[in-house]
Amino acid sequence: MQPTTTPRFDPRVSGLSQQVKTLAEPQLVYSEKARDVRAEYLDGALHLYRYEDILTINKHQDVLGNGGRGGSFGHDEKLIPLEIDGPEHKKWRRLLDPMFAPKRVQRLEDDIRRLAARLIDDARAEGGAEWYRAFCAPLPCQTFLGLVGAPLADLDFFVEFKEGVVHPKGETTEEIDANMATAGAKLLEYFNGFLADKRARLDRDDDVIAELMRSEVGGEPLTQADLINILFLLMFAGLDTVTSSLSCLISWLGRNPERRAEILAAPELLLPAVEELMRYESPVPSGMRFAQRDIDLGDGLLVPAGTQINAFWAAANVDPTFHEDPLRVDFHRERIRSMTFASGVHRCLGSHLARLELRIALETLLDRIPLYEIDADALTYNNIAVRSVTNLPVTIR
Ligand code: HEM
């Protein structure tokens, strides 16, 4: 069964997303959903809240990823690899996985550290700043431009595009889709020019896109459309998610200075702290799946063939039927398990890069400005599509 027949569910305007839209602590709502509700139909999609149910769905052979039909991000074609399934998806992941493997992204460490230090010093020179714009947005954007070999001069364009696609303006699905399509069309035009330039200097470049241009899939070189469908996804998957995560982590440590002090006293806690905070904050709240056949999740929960599933990673991450004391942020947890980067075949391609950026950003920040202060009342949370703190005023004394 293909998912094209059912009306598309839009998580951005659904009941639960709207309920938690601006909450600083949506975790309480998510955790109750996992404990008391387990699963429910909202706006035509089955919402799953428990860790083990989502784990089963994510690895089930009869489940397609992300609604399985393309066209969800202001771009008409299927994004690679998010909106591809089955053997085709495997082929793409085999090509892309090594380019984002831990050893490979490690090469970026020094550049990211230098960039983080410069951005922090610039913001500090002003005596304080709004850090979503001063730090959280430019750090991953500039890192990403380097990774794909795009000119730094295009930074403002990228930031504008990603905002237009991931946080499109509008109140209804129609308005949101129209605004997103405008941003998507601008990007498409830019990418065509960018790829033509890159082809002209392919021998000299050593970045992900140059490598893809020199690669083959199934014995054939990648087409222009393949490259665009990859670039398009990497673009918004790699920019906004890290920006948003960083804004959540800096805010949490700002609101909990005594917990920040734990890390300052024992720097080896930084890595588990990033992992635990990413579990708790869950910057990507949910993702879509599609059941091609009936799936029995046990204890009377049957998912009928043709169901659109909204898998709530953020609820799974604070599911009390799976995690011990899930609402406690504990840097000493024996094993931190989370759905922050999803699981199964569509698990995040960029998780190693994301973790690297987050660790270096926080390490550099805590090293240079360990006692930063934030105005907790001024923080603006947005939990739609990607959880972020879009107004993050930091004071440095
Ligand atoms: C903290 C930052 C990040 C978070 C929280 C995150 C989270 C996720 C999640 C939850 C998914 C599964 C989506 C779904 O199936 O509905 C995903 C997929 C993906 N992510 Fe990330 N991501 C992050 C950073 C990145 C970065 C930096 C990149 C690339 C450079 C990236 C590239 C991708 C790609 C390509 C997929 C699709 C994988 C597939 O379908 O096989 N992500 N990510």
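Run down Ala123, Ala116 and say which single residue is closer than 21 Å to Leu362 by Cα, touching a residue at least 40 places away in the same chain (Cβ under 8 Å) and more than 16 Å from the ligand (Cβ to nearest atom). Result: Ala123 is the single residue among Ala123, Ala116 that is closer than 21 Å to Leu362 by Cα, touching a residue at least 40 places away in the same chain (Cβ under 8 Å) and more than 16 Å from the ligand (Cβ to nearest atom). Within segment 350-397, which residues are of a type in the set (D, E, K, R) and under 22 Å from Leu270 (Cα atoms)? Matches in segment 350-397: Arg355, Glu357, Arg359, Glu363, Asp367, Arg368, Glu373, Arg387. The condition of being within 11 Å of the ligand (Cβ to nearest atom) and touching an Asp or Glu at 6+ places or on another chain (Cβ under 8 Å) holds for Leu349. Return yes or no: is Asn310 open to solvent by 20 Å² or more (accessible area, probe 1.4 Å) and either on the phi < 0 side of the Ramachandran plot or of a type in the set (Val, Ile, Thr) (or both)? Here the answer is no, as Asn310 does not meet what is asked. Among all positions in segment 353-374, there is no residue which is of a type in the set (Asp, Glu), open to solvent by less than 50 Å² (accessible area, probe 1.4 Å) and more than 17 Å from Cys248 (Cβ to Cβ).
Scanning segment 8-29 for residues that are within 11 Å of Ile384 (Cβ to Cβ), small (Gly, Ala, Ser) and part of a helix (DSSP H, G or I) yields a single hit, Ser17. None of Asn66, Asn58 is open to solvent by 20 Å² or more (accessible area, probe 1.4 Å), within 12 Å of the ligand (Cβ to nearest atom) and of a type in the set (S, T, N, Q) except Asn66. Contact annotation: residue pairs with Cβ atoms under 7 Å, 6 or more positions apart or on different chains, pairing a residue in segment 173-193 that is small (Gly, Ala, Ser) with a partner that is in a helix (DSSP H, G or I) and open to solvent by less than 60 Å² (accessible area, probe 1.4 Å), are Ala183/Phe161; Ala183/Gly164; Ala183/Val165; Gly184/Val165. Inside segment 156-182, residues that are part of a helix (DSSP H, G or I), of a type outside the set (Phe, Trp, Tyr) and more than 14 Å from Ala385 (Cα to Cα) make up a count of 9. Residues in segment 77-103 that are assigned to a helix (DSSP H, G or I) and either surrounded by 15 or more Cβ atoms within 10 Å (Cβ to Cβ) or touching a residue at least 24 places away in the same chain (Cβ under 8 Å) (or both): His89, Lys90, Lys91, Trp92, Arg93, Leu95, Leu96, Asp97, Met99, Phe100, Pro102. Please go through segment 345-397 and pick out each residue that is in a helix (DSSP H, G or I), under 14 Å from the mean Cα position of the chain (by Cα) and of a type in the set (S, T, N, Q). Hit for segment 345-397 is Ser351, nothing else.
Beta carbons closer than 6 Å, at least 6 apart along the sequence or on distinct chains, pair a first residue in segment 355-369 that is within 16 Å of the ligand (Cβ to nearest atom) with a second that is open to solvent by 20 Å² or more (accessible area, probe 1.4 Å) for Ile360/Arg113. Of all positions in segment 330-344, at least one carries a residue that is touching a residue at least 12 places away in the same chain (Cβ under 8 Å), open to solvent by 20 Å² or more (accessible area, probe 1.4 Å) and in a helix (DSSP H, G or I). Does Ala265 meet the test of being touching a residue at least 40 places away in the same chain (Cβ under 8 Å) and more than 20 Å from Asn317 (Cβ to Cβ)? So Ala265 does not fit the description; no.
In segment 201-289, counting only helices (runs of 4 or more DSSP H) that sit wholly within it, the ones holding 3 or more residues that are of a type outside the set (D, E, K, R) and within 9 Å of the ligand (Cβ to nearest atom) span 224-255.
The values are calculated or read from the model by the stated rules, or taken from the named source; none is laboratory data. This is a predicted model, so every value here is computed, not measured. Using ideal geometry, Cβ is built from the backbone for each residue, glycine included, and neighbour counts are taken over all protein chains shown. Accessible surface is based on the protein model in full, side chains and every heavy atom, while ligands, DNA and RNA are left aside. Shrake-Rupley method; radii C 1.70, N 1.55, O 1.52, S 1.80 Å.
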